[in-house]
Amino acid sequence: MFTETIKIISATKKIFILTNTNEQLGPGDFISLALDNNLAARALVAKTHQGQVGIKILKIYSLTQWGRLRRELPVQIIKGDDSTFGKKVEPKVEESPVAKIKSEEDLYTSDVVVDDEIGNFDENKNRHIKPDNIVAFNGSFLEAEEVESRGGTVRANELGVSWAYQFADNYFVEGLYSRALIDNFPGDGTQTLVNHLTARLKFNIKGPLYTFFMPYLGYQNYTVSSPDAGKTNINSVNVEELEAIDKLKKAGPVFGVTVLRRLVPGWFVKADIGSDIVNLGFAIEF
């Protein structure tokens, strides 16, 4: 920054003639005019002649400072970039090197530091799965024994959803709900709705190839609704149908393992293999 004096201002105030006593201005230079360390205007040097320069005003920064400009007034000249003028310069902090994504393998490693416009995320490296929540949608088969007179078993699709929450590093508590609707069971023309609720406590173990194993203990409860079961006619009850319904009702402790295989960041294939259910589905972490 240096100081020059305004000699002439055109009637339109678009062209100024300044001194060039410092001999630092030449055609094509971008400069800014300032008063008392406050920017007034941005300009372009158009011509130099006999110790003076002609400039063209491109932009007004402050109408207050602009109104103060007059002939024979010394002004501060900032040559080139003025983006840091008047601002406190912060000392540059030496940043530690961070890992960069160089291949697909780096999408899954915990060594890559995420840095965006919001800030830096300090992830807990003790966790094999960083987010707190895992929601899954899954499907399985439910088999029910037919009444003795019909024999065999009947199979229906059991669809469900689960939500696991990581309350401590690698420890999850999970709730699972699924339901199955069985047609023509326990008798022709009847329907049976089975609701399955399970609560689990799980521990996450990291395996190879982006796979995670979660042994679990929990408690399950099957509730069954079949309004027409046993109603053979008005005067009699089909006991076999009622017994078939009762066989579907069960409750008690369960154990097993959940297997998660990462597909892409945030998405998994999920399988439950346990005494309560065997299913397969997809899960998302958040």
- Item | Per-region count, the stretch 148-194, residues under 35 Å from the mean Cα position of the chain (by Cα) and among the acidic types (Asp, Glu) | 3
- Using beta carbons and a limit of 8 Å, which pairs, at least six apart or on different chains, have the first residue in the stretch 247-267 and without any contact (Cβ under 8 Å) to a residue 24 or more places away in the chain and the second one in a strand (DSSP E or B) and open to solvent by less than 20 Å² (accessible area, probe 1.4 Å)? Trp267/Ala283
- Matching residues in the stretch 3-13 - criterion: being modelled with pLDDT of 90 or more and open to solvent by 50 Å² or more (accessible area, probe 1.4 Å): Thr3, Lys7, Ile8
- Message: Among the residues in the stretch 205-213, are any aliphatic (A, V, I, L, M) and closer than 25 Å to Arg155 by Cβ?
- Response: no
- Might you check whether a residue that is loosely packed, with under 14 Cβ neighbours inside 10 Å, of a type outside the set (Val, Ile, Thr) and under 45 Å from the mean Cα position of the chain (by Cα) occurs anywhere in the stretch 226-239? no
- Message: Suppose we keep only residues that are touching a residue at least 24 places away in the same chain (Cβ under 8 Å), closer than 16 Å to Ile9 by Cα and in contact with a helix residue (DSSP H, G or I) (Cβ under 8 Å, 6 or more places away or on another chain) within the stretch 35-66. Which one would you say is surrounded by the fewest Cβ atoms within 10 Å (Cβ to Cβ)?
- Response: Ala41
- So which residues in the stretch 14-34 are under 10 Å from Ile57 (Cα atoms) and either of a type in the set (Asp, Glu) or open to solvent by less than 40 Å² (accessible area, probe 1.4 Å) (or both), if there are any at all? Phe16, Ile31, Ser32, Leu33
- Task: Please enumerate the residues belonging to the stretch 209-259 that are among the polar types (S, T, N, Q) and at pLDDT 80 or above.
- Result: Thr211, Gln220, Asn221, Thr223, Ser225, Ser226, Thr258
- Arg70 vs (1) open to solvent by 80 Å² or more (accessible area, probe 1.4 Å); (2) without any contact (Cβ under 8 Å) to a residue 40 or more places away in the chain: all pass except (2)
- Message: Taking the condition of being assigned to a loop (DSSP other than H, G, I, E, B) and either among the β-branched types (Val, Ile, Thr) or without any contact (Cβ under 8 Å) to a residue 40 or more places away in the chain (or both), how many residues in the stretch 203-229 meet it?
- Response: 3
- Task: Output the residue which, of all residues in the stretch 155-173 that are farther than 15 Å from Phe137 by Cα and among the charged types (D, E, K, R), is most open to solvent (accessible area, probe 1.4 Å).
- Result: Arg155
- Note on the structure: Checked the stretch 126-158 for anything more than 16 Å from Asn238 (Cβ to Cβ), in contact with a Gly (Cβ under 9 Å, 6 or more places away or on another chain) and assigned to a strand (DSSP E or B); matches are Ala136, Phe137, Asn138, Gly139, Ser140, Asn157, Glu158
- Could you tell me whether Lys270 is in a strand (DSSP E or B), touching a strand residue (DSSP E or B) at 6+ places or on another chain (Cβ under 9 Å) and touching a residue at least 60 places away in the same chain (Cβ under 8 Å)? yes
- Item | Positions within the stretch 73-90 being open to solvent by 100 Å² or more (accessible area, probe 1.4 Å) and at pLDDT below 80, in sequence order | Lys87, Lys88, Val89, Glu90
- Item | Residue that is least open to solvent (accessible area, probe 1.4 Å), among those in the stretch 174-216 that are over 23 Å from Glu143 (Cα atoms) and in contact with a Pro (Cβ under 8 Å, 6 or more places away or on another chain) | Lys202
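The values are calculated or read from the model by the stated rules, or taken from the named source; none is laboratory data. None of the values given here were measured: they were computed from a predicted structure. All Cβ positions, glycine included, derive from the backbone under ideal geometry; neighbour counts span all protein chains shown. Ligands, DNA and RNA are excluded from the accessible area calculation, which covers all protein heavy atoms including side chains. Shrake-Rupley method; radii C 1.70, N 1.55, O 1.52, S 1.80 Å.
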